[in-house]
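The values are calculated or read from the model by the stated rules, or taken from the named source; none is laboratory data. Just so we're clear, the structure is a prediction, and the values are computed from it rather than from any experiment. For neighbour counting, all protein chains shown are included, and Cβ atoms are generated from backbone atoms with ideal geometry for every residue, glycine included.
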Amino acid sequence: MSLARQRAISLTSWALWSLRVGVESVGLVWLVVVLATIAVSKAASGVNAAAILSAGDALHAGTALWSLGFGGTVALSSEDDGVLSLPLLGLTLVQAGWTWFCVRRARPSRPAAGAAIVAAATVVAVLACLTGPSGLDTWPAVIGIALLTGAIVAIQLTRAGHDWPPLTRWWERRPHWLGPSLSLAYGTTRALSLLSLLVVVVALFNGAGRVAVLHDSLAKDGFVAMVGLILLQAGWVPTMLIWACSWLIGAGFSVGTGTVFAPDRVVAGPVPRLPLLGLVPSAPLSSVGLWLPLVVTAGAMVAAWRRRAVLNALRVRYALSAAGLAALLVAGGVALLCLAASGSVGPDRMTAVGPLVLYTVILVFVEVGVGLASMAVLAHPYTRTWARNTLPESVLPAAYRRHDPREGAVYEEAAEEDDEA
């Protein structure tokens, strides 16, 4: 076989494989959402004649719901011009996980193969949006799918050894404290995620009764409709986790214009009958709410303490630089998540739903920055040396005090005398 023929066969092989990956990664998720929507509409129509949807309407509704995970919107009613734009971040995570699996299985060997995967996924997203409602409400999902697939493909190509030369050169010339800063940001993110999850668990324990009442009031169209309602709410669970994070930080979130749900104050108002909204707090934590954000600072201090060996290897000013950059990275990540967890769930006052983004970003930067910087300084060997040379030993912790060899000798002699006795 000639070399040209081998190249043609190889090119055709990875092109077809890339097309398959792009179709599978997007088309399968879209198909599952559409089929679930059709099943729920048929089940509801058997109980309630007013809920009957044609196959075309169910297809439009399913595509619109699918687009919610990637930046699209759903028109709620033609009468009040209300739209649903609160992203289904659970669907976004499912799509990201499935795309990661498909791309990893394909093992793209060259950037051209990765570009073909992104192009195929984008084409499938365009075809999916053509089955949606008329208008441009679902079309932002095409951009969302392209960005998500492109990011995953880029990561997989980098893991396979296909580096981007400018980025590689920049990484080789990076400041020596950038690595510790990224490690601090990662540890702080894990701590903040765990604390937010604990907030959701406590909210679920306190609001289980309200959630059950709201769920029972909506799940009256049979078992399939009940499962569909549960799956729809599962898509908003990551959104609620981000709301819990903003609440823990102290800024809080709003469910409608003029409402605030924060640890130290609650200004409530009418909310949609979504069972998950039964988890929102009904009352503030009084004076405890003012001090609750210190938990975030404590979590950042724990993250810095676990990485104290890396920080102690730096000079104090570089350790502080690493802590400051880590706080900035965490604040930037929280800002992106808060924007992703914001949207509209109806007309008028329901167009403002989600975390108070600016307030949240400022508070998390201060809280995390104070925690990381204080631990970077307090645990540093320079601080211990300065404390030994400046402060009296009576006020120093045991780890900071000087060790007197004569004191140890006295203790050893006393122990020998006790043994002889």
All positions within the stretch 1-22 that are modelled with pLDDT of 80 or more and surrounded by fewer than 17 Cβ atoms within 10 Å (Cβ to Cβ): Arg20
Restricting the stretch 222-252 to residues that are β-branched (Val, Ile, Thr) and surrounded by fewer than 22 Cβ atoms within 10 Å (Cβ to Cβ), which is nearest to Val288 (Cα to Cα)? Val237
Do we have any residue at all in the stretch 352-359 that's at pLDDT below 90, surrounded by fewer than 21 Cβ atoms within 10 Å (Cβ to Cβ) and in contact with a strand residue (DSSP E or B) (Cβ under 8 Å, 6 or more places away or on another chain)? yes
When you go through Leu192, Leu229, Leu197 one by one, which is the residue that is more than 29 Å from Val29 (Cα to Cα) and assigned by TED's automatic domain parsing to the domain that holds Val345? Leu192
Leading residue by the ranking (nearest to the chain's Cα centre (by Cα)) among those in the stretch 78-97 that are more than 15 Å from Gly144 (Cα to Cα) and surrounded by 15 or more Cβ atoms within 10 Å (Cβ to Cβ): Leu84
Any residue in the stretch 179-190 that is in a helix (DSSP H, G or I) and aromatic (Phe, Trp, Tyr)? yes
Would you pick out the residues in the stretch 168-178 that are farther than 23 Å from Ala300 by Cβ and in a helix (DSSP H, G or I)? Thr168, Arg169, Trp170, Trp171, Glu172
Restricting attention to the stretch 39-77, report how many residues are surrounded by 15 or more Cβ atoms within 10 Å (Cβ to Cβ), in a helix (DSSP H, G or I) and modelled with pLDDT under 85. 9
Quick check on my filter: what residues within the stretch 329-351 are outside any helix (DSSP H, G or I) and closer than 21 Å to Gln233 by Cβ? Ala341, Ser342, Gly343, Ser344, Val345, Gly346
Single match in Ala340, Ala327 (criterion: in contact with a Phe, Trp or Tyr (Cβ under 7 Å, 6 or more places away or on another chain), crowded, with 16+ Cβ neighbours inside 10 Å and at pLDDT 90 or above): Ala327
